[in-house]
1. On a C-alpha basis, how far is the centre of segment 130-150 from the centre of segment 18-45 in Å? Whole number, if you could?
2. Just how far, in whole angstrom, is segment 267-322 from segment 209-223 if you go by their alpha carbon centroids?
3. Arrange the peptides 165-172, 66-73, 209-216 so that the one whose residues have, on average, the most other Cβ atoms within 10 Å appears first.
4. Given Cα positions, please report Rg to Rh for the chain, the hydrodynamic radius being the Kirkwood one.
5. Modelling each spin label as a point 7 Å along the Cα-to-Cβ direction, I'd like the Arg58/Met247 distance in nm, to one decimal.
6. Grab the Cα-Cα distance for Leu106 and Glu268, subtract it from 0.36 nm times how many residues apart they are, and report the gain in nm with one decimal.
7. Modelling each spin label as a point 7 Å along the Cα-to-Cβ direction, I'd like the Ala225/Arg192 distance in nm, to one decimal.
8. Enumerate the residues in segment 139-157 having an amide nitrogen under 19 Å from the point lying 7 Å beyond the Cα of Arg284 toward its Cβ.
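The values are calculated or read from the model by the stated rules, or taken from the named source; none is laboratory data. Nothing here was measured: the structure is a model prediction, and the numbers come from that model. Backbone-built Cβ (ideal geometry, glycine too); neighbour counts: all protein chains shown. Just so you know, the surface numbers come from the protein's heavy atoms only, side chains and all, with ligands and any DNA or RNA stripped out. Shrake-Rupley method; radii C 1.70, N 1.55, O 1.52, S 1.80 Å.
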Amino acid sequence: MSELKIGLIGAGSISESHLLAYQANPKATLRAICDLNESRARAMARKYNIPHVHTDYRDLLANSDVQAVSICTWNNSHAEISIAALEAGINVLCEKPLCITVDEALQVQEAVKRTGKLLQVGYVRRYASNIAVLQKFIAAGELGEIYFAKASLVRRLGNPGGWFADKSRSGGGPLIDIGVHVIDLCWYLMGRPKVKSVSGNTYYKLGNRSNIENYAFYQAADYDASLNTVEDMANALIRFENGASLMVDVSFSLHAKQNSALVNIYGEKGGAEIEPELSIVAERHNTIINIDPQISTPAFDFQGSFQNEINHFVDSCLDGMPPISPVEDGVEIIKILNAIYQSAEEGREIRF
């Protein structure tokens, strides 16, 4: 194949990042789109010149004009649709998280093994250009063994509402929505060590704060001020078998002065600040030095990273290139997320 025919399932806000990236890739062509909301699907089809419109994902998967799909639906449908696509002989790019439960994750992994098809998990931050730069330093041993990481993504008022705030569809709040990104990124850069134990906390103190006036925030298309069953914030300590550890805290709603994003990794020879932008710390001649790489995008480039992710998926489908974010990694992150929620609910450390 010299061209990959793409179907997209779920035409919500994140789908545009996929559509724009596929549109910009000369090896891909958009052939079908599906959404429960037909008018929304048709609007996207007109905007991106997509010939086939469906309201049932099964019909899209039965479309012989589709060879690969992006799944951009509610989290609770990721496993079902991924498995159906794989069994239909279609390669899959599934938005994060892979699914909600560990049982679902294992079923998806088994389907990948059984069908021999490709599944790439949408851990888009792995594909950022600043991460590609940092990985060269790590691969060269310039940070040494990475033994500690900490990540914090704080929204002071950032509960999108709608399906994001409905635990039955999302699986949780900021931990599974934005925490998944930084947990995965740190774990990936640390060399994907085996988890030993997890201790976590979740808080349901502030709700969606729909009472707040004079301060704009993103609201999902199906925003409903009366519905919120997810946590406001979560924090966790993750210990690994090699002695390394990761600390994380994330929030949708917190009495913080401002939004903030901080992601750092620390090794025996050096460290790196990834958020808010890439900076590397090292020692030379008994002197501590800060290295600020001169790159076009030192911070996380949202659409640029999606372009890299989509490009990699297309190349993997066409050329057999192994995925950077395979299903096995999706399973491990779901195990971590579930353990954090379990630890918070039971008030104890969860050991693997």
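1. Taking the Cα centre of each part, segment 130-150 and segment 18-45 sit 36 Å apart.
2. Using only Cα atoms, the two centres lie 33 Å from each other.
3. So the order, starting with the most tightly packed, is 66-73, 165-172, 209-216.
4. So for the chain, dividing Rg by the Kirkwood Rh gives 0.97.
5. Placing both labels 7 Å along Cα→Cβ, they lie 5.0 nm apart.
6. Values: separation 162, 0.36 × 162 = 58.32 nm, distance 3.50 nm.
Separation in residues times 0.36 nm, less the Cα-Cα distance, equals 54.8 nm.
7. 4.6 nm
8. Only 139-144 pass the distance filter.
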